Each structure stands twice: as structure tokens, then as C-alpha cells.
Amino acid sequence: MPGDDNNIDSLLVVHHFCLMRIVKSAAAMQRLAKRWQSQRLRVGFVPTMGYLHEGHLSLVRQAKRIVGPRGIVAVSIYVNPTQFGPQEDLSRYPRNFARDKKLCRAAGVDVIFAPNDGEMYPQNGDGAYSTVVAEETLSRVMEGASRPGHFCGVATVVAKLFNIVQPEIAVFGTKDFQQAAIIRRMVRDLNFPVKIIVAPTHLEPVGLAMSSRNKYLTPAQRKEATVLFEVLQLAAKLVKRKAMSSALLKARLREFIQRRPTARLDYIELFDPRTLQSVKIVGRGTQMALAVFFGKTRLIDNARL
């Protein structure tokens, strides 16, 4: 295939008018992106860390609907080390690239960009990788407070991916509400020509938000982890009756979570969805987010009340 090199593997899977490709080189991916631009093809992009599930595939379907039958959908699969803290689960984060390829193929993905660390964070003779992107307002609370440096790693890798894949639209999930808000702010502030789409959270049948980290849960922990969904429902029910103070609502919800033996609350936040600033009085339209540990596994969820 013209322009291919050893870093682009063509899979014999017919999709529209081309083959699904695996691209491992940033330079090769950029060449491909420029070719799409010259052909005036719309490009939709779904960045992931792999170990794909139905939540990821729903983002792919959303991208496909937006770009249309002649558009291109690219998915990145890269476990980004810079968004993990020193004591977090980088080394054991679930990976299964063979399975991910099959799921992407079935979903009609056109290109998987699967770089390694050397491609994303080059260590050249003139020194180590030393440039980062830091959002300094929205990232101070919730996940940013619990996981220092996390959003700097997220913003840096997403900025790099946008420069490499050069999409017209990128689709993120609502489960990572704060992340999506930060990416939108970065796109606005740095003038990326990318439209950010935020798609609904996909739930397991028991109500647990789909996450690659759900794999860590024991059967007992999986049963108790449904408390995230249940506490969001409880908060919505309480707020529907009447507005109430944030402190009182947090106390009610904290007590509800603590009834689960393996659950350990990290945070509950009630905030304005536009600014991510905490509110003192909670009413309809307030956004709620929480993070809870079940053993060593930390899960997050959120909802508009």
C-alpha cells in the first residue's frame, strides 16, 4: 500500500473502501492524517488506554455517526504513563491488544494508533522529554486534588494525540466528566481545531459504570460497587424533593456509602457543571461526582442531579 512502512500493518479486513490499519509510528500516523486531509475526509477520533469494553465501542459508534459513511474513525490504544501517580496501577493496568483489535474490527474502526512510550515521549541525545500541557483552574479539584499530576499527564497526551491524528472531532465519555471539561478548556485555550463530543456513560446491567478497572473487582466487591450508582440515584431523589445544603447532603450520602464493608470513600463533590466550583446549596442542575475505593480498586462516577 503506498506510503506504508514497517510501522503500519494492514489487516485484511474490508471496511468501506479501505483496510483497517495498525499504526505504531507517530510520523506514519501524521502522514496518514495529511493524506486524509488532502482527500477532504472527515476524521473522528476516540482516545483510549485499551482493554476496550462496550463503553468505548459506544464512543466509536458516536464518532462513526458524526463523520458519516465516507468518514474515518481512528482509535488510539496507549496506556499513558504520565497520568499515573507513583503508587497507582500503571504496571498492572489491564492490557489485551489482540482482543482490542477484534473489537475495533467488528466496530468498523479504520485505524488503530498504538504507539509505544518511545514514540510518545522520545528520549533523544539532547535530553529527556520535558514539555507538558497543564490546565490550572479546572484541574485543581476532585481528581486533580486526589491524583496530583494526573491531569497534566492527560492534557499532555491528548494534545499530542490531537497533533498526531489531526481529527475534526474527538469523542470522550461522560463518566470522566472532569477530564472532558479540561480537554474542552485546553482545546479552547490552545486553539485546537477539534470539536469535543461528550457521550453518555455506559452502564453494566447492575448499574455499575463501565470501566477497564472493573476487571480488578472480586465478585463481592463488584456487588458492593453498585453503591456508586445507588448513591447518585439517592442524591437525585433527595434534591428533587427540595434544595438542601451541600454539607447535609454529603453527610447523608457518606453514611449511605459507609454501609458497604469494602467501600472507602475518597471524595464526594457537588458543583456547578460549567465551572466545577463547589456549591453550598444543591438543587436541580447541580453536578455530583464521587470516587470510592473497593480494596485497592478506585472507581469514579458522576451525574447531573
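The values are calculated or read from the model by the stated rules, or taken from the named source; none is laboratory data. Bear in mind that the values here come from a model prediction, so they are computed numbers and not experimental data. Note: ideal-geometry Cβ built from the backbone for every residue, glycine included; neighbour counts use all protein chains shown. Side chains are part of the model used for accessible areas, which takes the heavy atoms of the whole protein and leaves out ligands, DNA and RNA. Shrake-Rupley method; radii C 1.70, N 1.55, O 1.52, S 1.80 Å.
Out of curiosity, is Val111 over 18 Å from the mean Cα position of the chain (by Cα), aliphatic (A, V, I, L, M) and closer than 15 Å to Thr48 by Cα?
Yes.
In this structure, does Asp126 turn out to be in contact with a Pro (Cβ under 7 Å, 6 or more places away or on another chain) and either open to solvent by 40 Å² or more (accessible area, probe 1.4 Å) or under 30 Å from Asp272 (Cβ atoms) (or both)?
no
Can you name the condition, by its number, that Ala251 falls short on among (1) touching a strand residue (DSSP E or B) at 6+ places or on another chain (Cβ under 7 Å); (2) open to solvent by 40 Å² or more (accessible area, probe 1.4 Å); (3) small (Gly, Ala, Ser)?
Only one criterion is unmet by Ala251, namely (1).
Restricting the first residue to segment 221-244 and requiring it to be within 12 Å of Arg304 (Cα to Cα), which pairs with a second residue that is open to solvent by 10 Å² or more (accessible area, probe 1.4 Å) and of a type in the set (Lys, Arg) meet a Cβ separation below 8 Å and a spacing of at least six or different chains?
Val239/Arg284; Lys240/Arg284
So which residues in segment 234-253 are basic (Lys, Arg) and part of a helix (DSSP H, G or I)?
Lys237, Lys240, Arg241, Lys250, Arg252
Identify, please: which residue in segment 82-123 is among the hydroxyl-bearing types (Ser, Thr, Tyr) and in contact (Cβ under 8 Å) with a residue 60 or more places away in the chain and is, among those, least open to solvent (accessible area, probe 1.4 Å)?
Taking the candidates together, the pick is Tyr93.
Could you tell me which of the residues Arg70, Arg35 is more than 16 Å from Lys101 (Cα to Cα), at pLDDT below 95 and surrounded by fewer than 21 Cβ atoms within 10 Å (Cβ to Cβ)?
On inspection, the qualifying residue turns out to be Arg70.
Can you find even one residue in segment 172-183 that is out of contact with any strand residue (DSSP E or B) (no Cβ under 6 Å at 6 or more places or on another chain) and open to solvent by 70 Å² or more (accessible area, probe 1.4 Å)?
no
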